Amino acid sequence: DKERIKREEGRTIGAVKEIEALLGLSGIQRMEAYDISNISGFQSVGSMVVYEKGKPKRSDYRKFKIKSVQGPNDYASMEEVLTRRFVHGMDEREERKQQLEDEFGSFTRFPDLILMDGGKGQVNIALEVLEKLQLTIPVCGMVKDDKHRTRGLYYNNQEIPISRDSEGFKLITRVQDEAHRFAIEYRIAGKPSQL
């Protein structure tokens, strides 16, 4: 049991610590990852997956049906998703000022790190949305290679290589795959819970 617990901590909390070290951050408890998916440019949907202490928190996952963007425009779709997510969270915070944080809804809790499925372009969209809303949250891109496999992180205008054997890399890959899976599931299910 001790070995199993140690392994589990390595792949969760240990992996988060590796990511913190790579990015020069500390205190990452909650990470939110975002992805946009569409079928031939139509039926665009956004997904938000949440990891706390390196583990998925499925009760906080959210799906977004893109409302304001026509056609395949991932950047504009992501801008809509992030704006809706954080405006909703700010509204919830305003409504619940008198309540304890533990009672807040999933949108009220803001992440310690935002993970974007992509590199510079996606990161810049997220930073623009946060700036407009006067929020300061670190944003990191999960960069893929030509074969659609994770190859590194994009943070503070530079790509940071990450060892494929590290627990941090494995966690980033799981998060990226989960965000993609959740967006695709939205289209297949047809009747998702959404914001």
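Protein-only accessible surface at a 1.4 angstrom probe places the residues LEU135, LEU113 in the order LEU135, LEU113, largest first. When +1 charges are put on Lys and Arg Cβ atoms and -1 charges on Asp and Glu Cβ atoms, the dipole computed for segment 1-143 relative to its Cα centre reaches about 360 debye.
For the chain, give the percent of accessible area contributed by carbon and sulfur heavy atoms, probe 1.4 Å, rounded to a whole number.
The nonpolar share, carbon plus sulfur, comes to 48 percent.
Lys-Lys pairs in segment 1-98 that are eight or more residues apart or on separate chains and whose Cα atoms lie under 29 Å of each other come to 23. Taking HIS148, HIS88 and ordering them by how much accessible surface each has at a 1.4 Å probe, largest first, produces HIS148, HIS88. Oblate is the label for segment 122-191, because a/c, from the alpha-carbon gyration tensor with a ≥ b ≥ c as root eigenvalues, is 1.5 or above and a/b does not exceed b/c.
Rg and Dmax of segment 103-159, based on Cα coordinates, read 12.9, 44 Å. Once log10 I(q)/I(0) by the Debye sum over Cα atoms at q = 0.10 Å⁻¹ is calculated for the structure shown, the corresponding label among (i) -0.51; (ii) -0.40; (iii) -0.68 turns out to be (ii). Averaged over its residues, the chain has an accessible area of 55 Å² per residue, based on protein heavy atoms and a 1.4 Å probe.
Trypsin sites (Lys or Arg not before Pro), restricted to segment 1-78: which are DSSP loop and have at most 12 other Cβ atoms within 10 Å?
Details: sites: LYS2, ARG4, LYS6, ARG7, ARG11, LYS17, ARG30, LYS53, LYS57, ARG58, ARG62, LYS63, LYS65, LYS67; in loops: LYS53, LYS57, LYS67.
Passing both the DSSP loop test and the Cβ count: LYS67.
Couplings 3J(HN,Hα) of segment 68-85, computed from phi: 9, 10, 9, x, x, 10, 4, 5, 5, 5, 5, 4, 5, 4, 5, 4, 4, 4 Hz, in residue order, whole Hz [Karplus 6.51 cos²θ - 1.76 cosθ + 1.60, θ = phi - 60°; x for Gly and Pro]. DSSP assigns beta bridges within the chain; of those with both partners inside it, close to 75 percent run antiparallel.
The values are calculated or read from the model by the stated rules, or taken from the named source; none is laboratory data. Keep in mind the model is a prediction, meaning the values are calculated, not measured. Note that we place each Cβ from the backbone using ideal geometry, even for glycine, and neighbour counts take in every protein chain shown. Note: accessible area is taken over every heavy atom of the protein model, side chains too, but ligands, DNA and RNA are not part of it. Shrake-Rupley method; radii C 1.70, N 1.55, O 1.52, S 1.80 Å.
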